[in-house]
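Inspection log for the structure reproduced underneath, given as structure tokens.
None of the figures in this text is laboratory data; all of them are computed from the coordinates on show. Note that the structure is predicted; figures quoted are calculated from it, not measured. Cβ atoms come from the backbone with ideal geometry, glycine included; neighbour counts cover every protein chain shown.
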Amino acid sequence: MKTGKLHYGWIVIFMGFLTTIAAHGFGRMSYTIILPAMKDGLQFNYTQLGLLGTGNFIGYLTMAIIGGFLAARFGTRIVITIALILMGVTMILTGLANSFGFAFAMRLLTGLGNGASYVPAMALGSAWFAMKKRGFATGIVSAGIGAGTLISGLVVPPILTAFDLNGWRYSWYILGVAVVLISGVVYLYVRSRPEEKGLQQVGTEQTGSELPTASDTKKASSLQWTSVIKMGSVWYLGVIYFFYGLSYIIYMTFFAAYLVKEMGFSQEWAGGLWAMVGGLSIFCGVIWGGISDRLGRSKGSALAYLVLALSYIIYALIKVKFGFYLSAIVFGLTAWSIPTIMAAAAGDFVGPRLAPAGLGFITLFFGVGQALGPALGGYLADVSKTFTVPFFVAGVISLIGMVLSFYLKKPSATRDS
């Protein structure tokens, strides 16, 4: 129902934006910049560093599906808050690591919080907005990944320089405290559903409203959780999502290590380029969410996969500053396109009420890809003695995702139309 007041959903979406800044930007993407310093400080090889990334993604995988169902059952607010607190504390403890085992355990626990906070946050657009604005709203939430990446790229390098060999420890301390503070803000303002603010559609005829329709809410709430895993279309979404997780994480994990350790650039230059990626990617969720609203999830996903593949292959083959800048720009403008489109598609198929559960289920596939990617990339780099091979492989994997996207069907019944 339209009023002159600001739809509270936009405030909720901003809280989702803050959540993704903390969960992905600080908890995950910062590892790319901290990784070279951790290698020097702890004397790890690339396989071990890749396994730390894998540990993080195993935790993410574990809680992504569980967190989505918990949010559908107990509410997004409490699940996100507890998850962010867990992340912040374990990030601080990561800074105390002196052994591979302890570092792996802390990255695993950080991943648990990451999955349990990110998935419900990305489903907020489906809970608060009609299908025609769902991709755009979800894109705003995913913009937090880019904002967090930008902040990490600007803040971490000076910390690394100021504290020398202990810079990576202080980086984790500072980012961890920031995540805990963000958890408090999110708890104060986020709400799981419009009903919690006294907002609810009364019929399907109000097509100008930003809220999901009452008929959609009723249909979604009548579904049992088990119905999510019985939908073939949701499984197919998961398969598509898997190839994104497997490919992009190779590029993300070893982005800075490639520039610093293989190409000989400074930590500051690599951090600046990474910050540029983050700055550009702030807008990519909104851009690609809007594209998928217009072209459809299938064509939008295929186009996004193609552009991502080009960014990986350029990074592998054009080994001059121009190539690195071009790859960073192309990737930055497309980085979070697939998560945005998948989150919106999950809402399309299962409805607003079960959107966190649907997104959680397909994120299981995404998480498997993420868990395999860093170890695969690190192994290929150690064996081949170059990052060219893992980056090129990432490009090929992304092209497979493009092909599969073309066969994604539309929901059997249009919602919120």
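Some points to look at:
- Charge sum, other residues only, whose C-beta stays under 13 Å from Ala343's C-beta, Lys/Arg counted +1 and Asp/Glu -1: 0
- Whole-Å distance, taken between Cα centres, linking the range 1-74 and the range 335-372: 14 Å
- Extended-chain gain in nm, criterion 0.36 nm per residue less alpha-carbon gap, Thr47 and Ser233: 63.4 nm
- Helix axis angle, 388-405 relative to the chain longest principal axis, alpha carbon, degrees: 10 degrees
- Neighbours of Gln48, meaning other residues whose beta-carbon lies under 15 angstrom from its beta-carbon, give a summed charge of +1 when Lys and Arg score +1 and Asp and Glu score -1.
- Residues considered: Gly351, Gly232, Gly296. Largest GNM mean-square fluctuation over the chain, using C-alpha springs under 10 Å, is found at Gly232.
- Linear extension gain, Asp382 paired with Phe283, 0.36 nm per residue minus alpha-carbon span: 32.2 nm
- Compared with the dominant Cα axis of the chain, that is its longest principal axis, helix 232-257 is turned about 30°.
- Euclidean distance of C-alpha centroids, the range 166-193 and the range 85-105, integer Å: 15 Å
- Degrees, to the nearest 10: 297-317 long Cα axis against longest axis of the chain: 10 degrees
- For the range 318-417, the set of trypsin sites (Lys or Arg not before Pro) satisfying both a DSSP loop assignment and a count of at most 16 other C-beta atoms within 10 Å is given as Lys319, Lys385, Lys409.
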